[in-house]
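Colleague: First the structure, which I've put down as structure tokens, then a few questions once you've had a look.
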Amino acid sequence: MAYLTLKNINKIYPNGFHAVHNFNLEIEKGEFIVFVGPSGCGKSTTLRMIAGLEDITNGDFYINGKRANEMGPREREIAMVFQSYALYPQMTVFDNIAFSLTLHGVDEEIIEDRVKKTAAILGLTDYLDRLPRALSGGQRQRVAIGRAIIRKVGVFLMDEPLSNLDAKQRVTMRSEITQIHRETGASTIYVTHDQTEAMTMADRIVVMKNGYVQQVGTPKEVYFNPRNVFVAGFIGEPPMNFVKRPVQDGKVYLDGQEMDLGRRLGKRISEYEGKEIIVGFRPEFAHPDTGENGQDVYRLFGKVELTEMLGDNANVYMNIGEHRVILKTAPDAIPEMDSVYRFVVPVERVYLFDAETEQVID
Ligand code: ATP
């Protein structure tokens, strides 16, 4: 049985705004789930309903098989880490971490022991006497996490906990959080708008848009088998290239260059004859056309407009007629500006979407 079950959960705010629509998910003990999506898609609202900080308008929520819709936040055995850290500024790191245990009247010796162990996990041993204002952003975030994990609860909820950190700190904390998650054995639900955080941290990702779940899957599933244009474009950096074209004789033409979609879809392409289709391919799946790429590729070319050297690879922005696409190349193989660049995309790496429904055709 799943540890947390959300069945047809909806949130309608008092002003009538329907923020979350029919959210369904089962979360296993020990799973790391990431809710990802653009601002306003309902991630925090869903998290707050799980925490008990926001009423569930309708639907059923179960913790360990027990209906929890009406349970108070404390009863739920859930700890939450907020974006703002929410530390007590006048308390030392020790007292901040100890706070929930002190509140529950736990024995002082036990508190001391648990705070020390928690601080050791988080690398805060040397800072226990300091006040929050004398800590860096990353250290404050660790205190906030320490305060949550000391409670040994079944579920950790984290709402954009890294958004106040700089890029380097975020990378470090990402791996620290996943490691802490593994050590505690609890389930974690982590909210972010950053697809890289979602991809690197999650066991399963829940992609949301406008209050609707778009897809639930492992990082590999949402990357390799996106269900619709939104997921395909949201996961991956730079985003997938999309070109919307009418199908003529089973083919689409990009500035006169032909892509025979029958090679990808087989006979089913006839269903799309005369209709528009969205062709997608990821920047990293394009490779230079060496003439020896085999048969199972689409061959295309375009004019290089801009290149960006990133170190481990480079982005090449190019135009195929009116269509702007981005490709990745090796850093030592960046084409010249304004040159014509020939590339191939493996047939199996081309995604086709129904232009009307934006759902993948598979
Ligand atoms: P962000 O990444 O910006 O935090 P989010 O995906 O977490 O976004 P939510 O905070 O869950 O989004 O908000 C979802 C939608 O509900 C938004 O359109 C928001 O404006 C709306 N909303 C949030 N709180 C309320 C409220 N108390 N009353 C009415 N609408 C609200």
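The values are calculated or read from the model by the stated rules, or taken from the named source; none is laboratory data. Predicted model only: the values in this text are computed from it and were never measured. Here Cβ is always computed from backbone atoms with ideal geometry, including for glycine, and neighbour counts include all displayed protein chains. With ligands, DNA and RNA removed, areas are computed over all heavy atoms of the protein, side chains included. Shrake-Rupley method; radii C 1.70, N 1.55, O 1.52, S 1.80 Å.
Colleague: Which members of region 254-290 meet the condition of being part of a helix (DSSP H, G or I), touching a Leu at 6+ places or on another chain (Cβ under 7 Å) and open to solvent by less than 30 Å² (accessible area, probe 1.4 Å)?
Modeller: Answer for region 254-290, where residues must be part of a helix (DSSP H, G or I), touching a Leu at 6+ places or on another chain (Cβ under 7 Å) and open to solvent by less than 30 Å² (accessible area, probe 1.4 Å): Leu265, Ile269, Pro283.
Colleague: Of Ile110, Ile9, Ile78, which residue is modelled with pLDDT of 95 or more and more than 12 Å from the ligand (Cβ to nearest atom)?
Modeller: Matching residue, one of Ile110, Ile9, Ile78: Ile9.
Colleague: With Ile277, Ile326, Ile361 as the choices, which residue is in contact (Cβ under 8 Å) with a residue 60 or more places away in the chain and touching a Pro at 6+ places or on another chain (Cβ under 6 Å)?
Modeller: Answer to the selection: Ile326.
Colleague: Would region 265-279 turn up any residue that is in contact with a strand residue (DSSP E or B) (Cβ under 9 Å, 6 or more places away or on another chain), at pLDDT below 95 and under 21 Å from Val222 (Cα atoms)?
Modeller: Yes, that holds for at least one residue.
Colleague: Quick check, is Tyr62 among the hydroxyl-bearing types (Ser, Thr, Tyr) and under 22 Å from the mean Cα position of the chain (by Cα)?
Modeller: No.
Colleague: Can you pull out the residues in region 194-210 that are within 8 Å of the chain's Cα centre (by Cα) and in contact (Cβ under 8 Å) with a residue 40 or more places away in the chain?
Modeller: Asp194, Gln195, Thr196, Glu197, Ala198, Ala202, Ile205, Val206, Val207
Colleague: Does Leu53 qualify as being in a helix (DSSP H, G or I), within 15 Å of the ligand (Cβ to nearest atom) and among the hydrophobic types (A, V, I, L, M, F, W, C)?
Modeller: No, not satisfied.
Colleague: Taking into account only those residues within region 14-32 that are in contact with a Ser or Thr (Cβ under 8 Å, 6 or more places away or on another chain) and part of a loop (DSSP other than H, G, I, E, B), which is nearest to the ligand (Cβ to nearest atom)?
Modeller: By that ranking, first place goes to Glu31.
Colleague: Here's another thing I want to ask about it. Which one of these does Phe35 not meet: (1) more than 13 Å from the ligand (Cβ to nearest atom); (2) modelled with pLDDT of 95 or more; (3) under 20 Å from Arg204 (Cβ atoms)?
Modeller: Only one criterion is unmet by Phe35, namely (1).
Colleague: Of (1) in contact (Cβ under 8 Å) with a residue 12 or more places away in the chain; (2) in the same structural domain as Arg268 (by TED's automatic domain parsing); (3) open to solvent by 10 Å² or more (accessible area, probe 1.4 Å), Asp332 satisfies all except one. Which?
Modeller: All conditions pass for Asp332, except number (1).
Colleague: Working only within region 216-249, note down all residues that are away from the ligand (no atom under 16 Å from the Cβ), more than 17 Å from Ala286 (Cα to Cα), open to solvent by 10 Å² or more (accessible area, probe 1.4 Å) and touching a helix residue (DSSP H, G or I) at 6+ places or on another chain (Cβ under 7 Å).
Modeller: Listed by number, the list holds a single entry, Pro219.
Colleague: Working only within region 66-101, note down all residues that are under 27 Å from the mean Cα position of the chain (by Cα) and surrounded by fewer than 18 Cβ atoms within 10 Å (Cβ to Cβ).
Modeller: Correct list: Asn69, Pro73, Glu77, Phe82, Gln83, Ser84, Ala86.
Colleague: Condition test on Ala86, is it in contact (Cβ under 8 Å) with a residue 40 or more places away in the chain, part of a strand (DSSP E or B) and in the same structural domain as Gly138 (by TED's automatic domain parsing)?
Modeller: no
Colleague: Any residue in region 121-143 that is of a type in the set (Val, Ile, Thr) and either free of Cβ contacts under 8 Å to residues at least 24 places away in the same chain or open to solvent by 60 Å² or more (accessible area, probe 1.4 Å) (or both)?
Modeller: There is at least one residue in region 121-143 that is of a type in the set (Val, Ile, Thr) and either free of Cβ contacts under 8 Å to residues at least 24 places away in the same chain or open to solvent by 60 Å² or more (accessible area, probe 1.4 Å) (or both).
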